[in-house]
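A short worksheet on the structure shown next.
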Amino acid sequence: MSQKIVFLGMGGTIAGKAASPDDNVGYKAAQVGVQELLAAVPGLAAVLGGWEATAEQVVQLDSKDMHNVAWRALALRAMHYLAMPDVAGLVVTHGTDTLEETAYFLSRVLPAGLLGAKPVIMTCAMRPATSQLPDGPQNMLDATVVACTPGARGVTVVCAGVVHDARHVRKVHPYRLNPFDSGEAGPLGFVEEGIVRLVHAWPAAAIAAVPSGNLESAHWPRVEIVLSHAGATGALVRSMAAHPGADPVCGIVVAGTGNGSIHQDLEAALREVQAQGVHVVRSTRCALGQIVGNPRGDVSHFGVTDLDPFKARIALMLDLMV
Ligand code: SIN
């Protein structure tokens, strides 16, 4: 049976347009359809080697505005395609700003039976499609190389020739063409002259945390992130609890200082809302490493995560969904 790679479009700078080809910052993201992006990738047919490429626009968003409805749509379309025997893998084009969050979300919700056998590669660009030297076509080509690589599996991010695991990748730079970093874990590998050189094993497929039926259900629990910092107060947290609105907060991830410590005034407010039933989880605002627990016993009142605050927010939301 002939195989195919499916390209799912989510928007982003890769689909952005500027008024002038020399403008790489004053553009509007999410303007060009994924079919058009695909048509503009030189050398794609050679990489596909006889496999077919098809494309579907799932949403068209500047990824700073990413939301649960778009995530739900993406997850359901990804499951649909991955279950097809003639689909070898997916490439998702997405904005860089929240790409790491969508990648982690997909790695947690796509069934292990599918992700364990097929790859989902997220890619992006830092320059718009109208740039005189766009990076999107090369990134799409490299993502296709990964999608066609025998044994590739799990959710990965491909940008500037580097392959990252969804679990570790973070955007660390607002401008350079290689804005992602996998911290202490390092990248999974590299795409060099159309060949993948792996330095770590492909990601293990997580057991899907959420049955797809729950993903389709209307309400996803609201989880917020608060930051501890010099001069932090409990005002924001108390205000959230005092004005619940139509969608009351169910969980809070606190991005603590250093080893997850929290300003005493913020901590007091978090303990108050925790007593009212809000789930509170501690992460660290440090860019590298994770909270180190005390082997002699942890005295914290809150749960601790080894994820960064942005991924911890997703993990808590999914945990509260099951
Ligand atoms: C976005 O995240 O959609 C815009 C920025 C980018 O893709 O680099």
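The values are calculated or read from the model by the stated rules, or taken from the named source; none is laboratory data. Nothing here was measured: the structure is a model prediction, and the numbers come from that model. A quick note on method: Cβ atoms are made from the backbone with ideal geometry, for glycine too, and the neighbour counts reach across all protein chains shown. Only protein heavy atoms, including side chains, enter the accessible area calculation; ligands, DNA and RNA are left aside. Shrake-Rupley method; radii C 1.70, N 1.55, O 1.52, S 1.80 Å.
Run lengths n ≥ 4 of DSSP H only: what is the helix-derived mean residue ellipticity at 222 nm for the chain, with -39500 (n - 2.57) per run over all residues, to the nearest 500?
About -8000 deg cm²/dmol.
Determine ³J(HN,Hα), in whole Hz, for all residues of region 109-117 in sequence, where each value follows from phi through the Karplus function 6.51 cos²θ - 1.76 cosθ + 1.60 and θ = phi - 60°; x replaces Gly and Pro.
Taking θ as phi minus 60°, the curve returns 10, 6, x, 4, x, 8, 5, x, 10 Hz for region 109-117.
Which cross-chain or sequence-distant (5 or more) residues have an amide H under 5 Å from the amide H of Met122, H modelled 1.01 Å from N in plane?
Val92, Thr156, Val157, Val158
So who's got an amide H within less than 5 Å of the one on Gly189, skipping anything under 5 residues away but keeping other chains? H placed 1.01 Å off N, in plane.
Placed amide hydrogens put Val163, Val199 under 5 Å from Gly189.
Can you give the local net charge around Leu82? Use residues other than it whose beta-carbon is closer than 11 angstrom to its beta-carbon, Lys and Arg +1, Asp and Glu -1.
Result for the neighbourhood of Leu82: +3.
Starting from the amide H of Gln3, placed 1.01 Å from N in the peptide plane, find each other amide H under 5 Å away whose residue is 5 or more places distant or on another chain.
Excluding prolines and chain starts, which carry no amide H, the hits are Glu52.
Note the count of lysine pairs whose C-alpha atoms are less than 18 angstrom apart in the chain, limited to pairs 8 or more residues apart or on different chains.
7
If I take every Cα pair under 8 Å that is 6 or more residues apart in the chain, average their sequence separation and divide by the length, what percent do I get for the relative contact order?
Reported relative contact order: 15 percent.
Considering every Cα-Cα pair within region 1-95, what fraction, in whole percent, is farther apart than 14 Å?
Across region 1-95, Cα pairs with separations above 14 Å total 67 percent.
For region 72-173, would you read off the P(r) tail past 22 Å as a percentage of all alpha carbon pairs?
Everything past 22 Å amounts to 25 percent.
Using θ = phi - 60° and the Karplus curve 6.51 cos²θ - 1.76 cosθ + 1.60, what whole-Hz ³J(HN,Hα) does each residue of region 293-310 get, with Gly and Pro shown as x?
In residue order, the calculated couplings are x, 8, x, 8, x, 8, 9, 5, 8, 10, x, 10, 10, 9, 8, 5, x, 6 Hz.
Protein chains only, probe 1.4 Å: how do Thr98, Thr233 rank by accessible area, largest first?
Thr233, Thr98
Three principal axis extents, largest first, for the C-alpha atoms of region 220-321, in Å?
Principal extents (largest minus smallest coordinate, Cα): 40, 30, 25 Å.
Which semi-axes, in whole Å and largest first, does the equivalent ellipsoid of the chain have when worked out from the alpha carbon gyration tensor as the square roots of 5 times its eigenvalues?
36, 21, 19
Which whole-Hz couplings ³J(HN,Hα) result when phi for each residue of region 235-250 is put into the Karplus expression 6.51 cos²θ - 1.76 cosθ + 1.60, θ = phi - 60°, listed in order with x for Gly and Pro?
Whole-Hz 3J(HN,Hα) from phi for region 235-250: 4, 4, 5, 5, 5, 4, 6, 6, 10, x, x, 6, 10, x, 5, 9.
What does the net charge come to around Asp142 if you take all other residues with beta carbon closer than 14 Å to its beta carbon, with K and R at +1 and D and E at -1?
-2
Accessible area per residue for the chain in Å², computed with a 1.4 Å probe and the full protein assembly in place, what is it?
Accessible area per residue, the chain: 43 Å².
Would you work out what percent of the accessible area of the chain, with all protein chains in place, is carbon or sulfur (probe 1.4 Å)?
55
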